Amino acid sequence: MSTLRFRCSVLLVAALSLTAQEKEYKPKEEKLPGDPVAQPIAYSHKTHVAMGMKCANCHTMPGDGFAATFPKETMCMGCHATVKKESAEIQKLAAFAAKKEPVPWARVYKNPDIVWFNHSVHVKVAKTECAECHGDVGKRDILFQEKSLSMQTCMACHAKHEAPNGCDVCHASQ
Ligand code: HEC
Ligand code: HEC
Ligand code: HEC
Ligand code: HEC
Ligand code: HEC
């Protein structure tokens, strides 16, 4: 009898601490689809992907593969030193390249710092298509948030693929 009562109170404590954790998490507000994100240069994915350029040509995921990364301006200038060099947009690009400064692209998808996310694991190990998390980027002139990146979305896909879902998997620093 006393063992039973003991077990019940352990369960109760576990249940209470779970509710406490759930209360700490306020679901992030996401507007889907999001508004078009204004960029410093009118770069179009649609134009460049239609020419046959691949996502991985520009988003190389170097090193540990955490970031997809943005292409270097010298890479763009490989074509634009000659292609459309009279265009005002290309002149902005050329000015950044000449100063050896990265174009300050505005971010479309961004996790808070407490989240641990690695592109390589998802793209190369789990074989997830870019489109599953970013939508049909290759058809867009200007990007906007198309897919949810909320904690529930991450966890639902992990559950579906039997990937780990403990808090410390995505919040390793907690
Ligand atoms: C499982 C979901 C998922 C997949 C698959 C995915 N991404 Fe991402 N992507 C994210 C998340 C989450 C962020 C925000 C990361 C952050 O803020 O740390 C992001 C950010 C980015 C960024 C900007 C920041 C950075 O990481 O350098 C680029 C560019 C990007 N993704 C491109 C791609 C491309 C290209 C592919 C396919 C090769 C791809 N992503 C596949 C979820 C994904
Ligand atoms: C493989 C060659 C190539 C690379 C690399 C390339 N572009 Fe282009 N880009 C083109 C071509 C070709 C066009 C013209 C397409 C058209 O108008 O039909 C173009 C068009 C553009 C335009 C529109 C110019 C205008 O005024 O019409 C911008 C802006 C642009 N590119 C930016 C970039 C940026 C930024 C990068 C690097 C991230 C880049 N490009 C990389 C070939 C390239
Ligand atoms: C010619 C180079 C180039 C190619 C090819 C390219 N991208 Fe990009 N990508 C860029 C540049 C430059 C930006 C920043 C400007 C913008 O957001 O439009 C960007 C931004 C992004 C972002 C937004 C990142 C963020 O969170 O701010 C995503 C997602 C993305 N690319 C995915 C893709 C996918 C998926 C493909 C293939 C279908 C692809 N890209 C092909 C150059 C490229
Ligand atoms: C499209 C489905 C999908 C989505 C969406 C997704 N993941 Fe994953 N994730 C996976 C799969 C599958 C694995 C297991 C990969 C493997 O086999 O190791 C994984 C593994 C991970 C890992 C463990 C990686 C490691 O370093 O061992 C982390 C951390 C992670 N995901 C974080 C996230 C975060 C954060 C988000 C949301 C921003 C997210 N994931 C969204 C499918 C997804
Ligand atoms: C598969 C990845 C993943 C797992 C597992 C996960 N989280 Fe998250 N968590 C996220 C992402 C992505 C965000 C940011 C987006 C959002 O707020 O929805 C987040 C945000 C949070 C925040 C809000 C932080 C802030 O910026 O205010 C809290 C609190 C949190 N998580 C707690 C937890 C707890 C507790 C668990 C275990 C029950 C957990 N998380 C498991 C991905 C994950």
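Between 67, 38, 50, the residue with the greatest mean-square fluctuation in the GNM of the chain (Cα pairs under 10 Å linked by springs) is 50.
Loop-resident chymotrypsin sites (Phe, Trp or Tyr not before Pro) (DSSP state other than H, G, I, E or B) in segment 82-120 with no more than 16 further Cβ atoms inside 10 Å of their Cβ: 105, 109, 116, 117. Restricting the GluC sites (Glu not before Pro) of segment 16-110 to loop positions (DSSP other than H, G, I, E, B) with no more than 16 neighbouring Cβ atoms within 10 Å leaves 29, 30, 86.
In order along segment 63-72, phi translates into HN-Hα couplings of x, 6, x, 5, 9, 6, 6, 9, x, 6 Hz, rounded to whole numbers, per the Karplus curve 6.51 cos²θ - 1.76 cosθ + 1.60 with θ = phi - 60° and x for Gly and Pro.
Computed from Cα positions, the angle between helix 88-99 and the longest principal axis of the chain comes to roughly 80 degrees. Tell me which of 75, 49, 27 sits at the most positive position along the dipole axis of the chain, charges placed on C-beta atoms (Lys, Arg +1; Asp, Glu -1). Final value for the positive-end residue is 75.
If the chain linking residue 56 and residue 114 were pulled fully straight, counting 0.36 nm for each residue of separation and taking away their Cα-Cα distance, it would gain 18.2 nm. Taking all Cα pairs closer than 8 Å and separated by 6 or more residues, the relative contact order of the chain comes to 31 percent.
Laboratory data are not the source of any read-out in this text; all were calculated from the coordinates shown. Please read all numbers here as calculations on a predicted model, not as lab measurements. Neighbour counts are summed over all protein chains in view; Cβ atoms, including those assigned to glycine, are modelled from backbone coordinates with ideal geometry.
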